[in-house]
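S.K.: Below are the structure tokens for one structure; questions will follow.
The values are calculated or read from the model by the stated rules, or taken from the named source; none is laboratory data. Please read these numbers as outputs of a predicted model, since none were measured by experiment. So basically every Cβ, Gly included, is an ideal-geometry build from the backbone, and we count neighbours across all protein chains shown. Areas reflect the complete protein model, heavy atoms only, side chains present, ligands, DNA and RNA absent. Shrake-Rupley method; radii C 1.70, N 1.55, O 1.52, S 1.80 Å.
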Amino acid sequence: MVCEECDSTVNKFVAFRALCAKTDDYFRKLVTEALAENDETQAPPNETAIVGETEVQHNQLEESETVTNLRAAAKEGKQTVAEDASKKLCDICGAFVAELNGHRRVHTKEAPYACDYCSIRMTHKSNLLRHIDSVHLKRIIKRCEQCDKGFTSYFSYGSHMRSHHSTEKKYECKTCCKKFNHHSSLWLHNIRTHQDERKYKCTTCGLPWKTKESLRTHERSHSSEQPYACQHCPKRFKTRYGWKSHELTHTGIVFSCQLCDKTFRYKTLINAHIRKAHPEATATSS
């Protein structure tokens, strides 16, 4: 019995060995055919006198093309060998990679590159630069042609296009037939709605959660970490919801109670107000 990781590694080595053997056979066949063509185009010594000048020139042309093709194939082979030689073998997963030290961090979970704006750390410098540009500097690299909304990454742009400008929802829940634009949305829907398993437990209070993201959000309640910063004031927040709700206060948007004339800056406040001041409305809606 072989574990999945070892089986994957062995398969990669076997595939690489098969590729090497196939490449060797190909070049051996190529050289053999070229030599055979050379022998066929060269006239025997005792028949040289009866071969016409035109036929000799034709044979020479074929030889020239054969040699040219052979050299081109050899050159291509050398480039392939050079590219393969520049890659190094990972002794953990068996993959050949161009940057071995950076690849090893995938296995060791080492993250040497720290963000100057928040507590996050990255395994690759390029990932850190993308994080800073999109999260902290908010650099717009793509705009929606239909609504002119700007995006800091192509991933968020693609997600926006599927959510707001796609006419067809591709992913359907097999339990309740609800449809989603994203596979990840369907996955989260199944976990939150149709599954009761809570396998992620808080190490501080023991409270169980359905997803890792929910656990990470909860764990911030036990720490002083506040990764979400307001763009308009010095305030910081532990949750994305709190951050987004606060930023609405800078836009001038207010939430009005439909049962009285009171207004609130936060939606959570108006919900609490309705439960306290208008309990009959809450009882009717339930």
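S.K.: Determine if segment 198-211 includes at least one residue that is among the aromatic types (Phe, Trp, Tyr) and in contact with a Ser or Thr (Cβ under 8 Å, 6 or more places away or on another chain). Talk me through it step by step, then tell me what you get.
M.R.: The first filter runs over segment 198-211 and keeps only residues among the aromatic types (Phe, Trp, Tyr), leaving 200, 209.
Add one more test, that the residue is in contact with a Ser or Thr (Cβ under 8 Å, 6 or more places away or on another chain), and what stays is 200.
There is at least one residue in segment 198-211 that is among the aromatic types (Phe, Trp, Tyr) and in contact with a Ser or Thr (Cβ under 8 Å, 6 or more places away or on another chain).
S.K.: For residue 110, all conditions in the list (1) open to solvent by 70 Å² or more (accessible area, probe 1.4 Å); (2) more than 20 Å from the chain's Cα centre (by Cα); (3) of a type outside the set (Lys, Arg); (4) at pLDDT 85 or above hold save one; what is the number of the exception?
M.R.: Single failed check for residue 110: (2).
S.K.: Show me the helices (runs of 4 or more DSSP H) found entirely inside segment 161-256 where at least 1 residues are under 24 Å from residue 270 (Cβ atoms). Break it down into steps so the answer makes sense when it comes.
M.R.: Numbers: elements: 183-194, 212-219, 240-247.
Ranges flagged: 212-219, 240-247.
S.K.: Could you list, in sequence order, the residues of segment 201-221 that are touching a strand residue (DSSP E or B) at 6+ places or on another chain (Cβ under 8 Å), closer than 17 Å to residue 239 by Cβ and open to solvent by less than 70 Å² (accessible area, probe 1.4 Å)? Step through it out loud before you land on a result.
M.R.: Step one: list which residues in segment 201-221 are touching a strand residue (DSSP E or B) at 6+ places or on another chain (Cβ under 8 Å), which gives 201-202, 207-212, 214-215, 218.
From what is left, the residues that are closer than 17 Å to residue 239 by Cβ are 202, 207, 209-212, 214-215, 218.
Across segment 201-221, the qualifying residues are 202, 209, 210, 211, 214, 215, 218.
S.K.: Being among the polar types (S, T, N, Q) and outside the structural domain of residue 120 (by the TED database) is the requirement here; does residue 156 meet it? Steps first, please.
M.R.: Values: among the polar types (S, T, N, Q): yes; outside the structural domain of residue 120 (by the TED database): no.
So residue 156 fails the test.
S.K.: Quick one: which of 109, 87 is more than 30 Å from residue 166 (Cα to Cα) and in contact with a Phe, Trp or Tyr (Cβ under 6 Å, 6 or more places away or on another chain)? Full working, then the answer.
M.R.: Values: 109 fails: in contact with a Phe, Trp or Tyr (Cβ under 6 Å, 6 or more places away or on another chain).
The unique qualifying residue is 87.
S.K.: Further question on the same structure: Just to be sure before I move on: is residue 232 over 23 Å from residue 214 (Cα atoms) and open to solvent by less than 40 Å² (accessible area, probe 1.4 Å) in the structure I sent?
M.R.: no
S.K.: Which numbered condition trips up residue 266, out of (1) more than 30 Å from residue 179 (Cβ to Cβ); (2) of a type in the set (Phe, Trp, Tyr); (3) in contact with a strand residue (DSSP E or B) (Cβ under 6 Å, 6 or more places away or on another chain)?
M.R.: Exception for residue 266: condition (3).
S.K.: In segment 88-99, which residues are at negative phi and either assigned to a loop (DSSP other than H, G, I, E, B) or modelled with pLDDT of 85 or more (or both)? Spell out the reasoning first.
M.R.: Going through segment 88-99, the residues at negative phi turn out to be 88-93, 95-99.
Answer for segment 88-99, where residues must be at negative phi and either assigned to a loop (DSSP other than H, G, I, E, B) or modelled with pLDDT of 85 or more (or both): 90, 91, 92, 93, 95, 98, 99.
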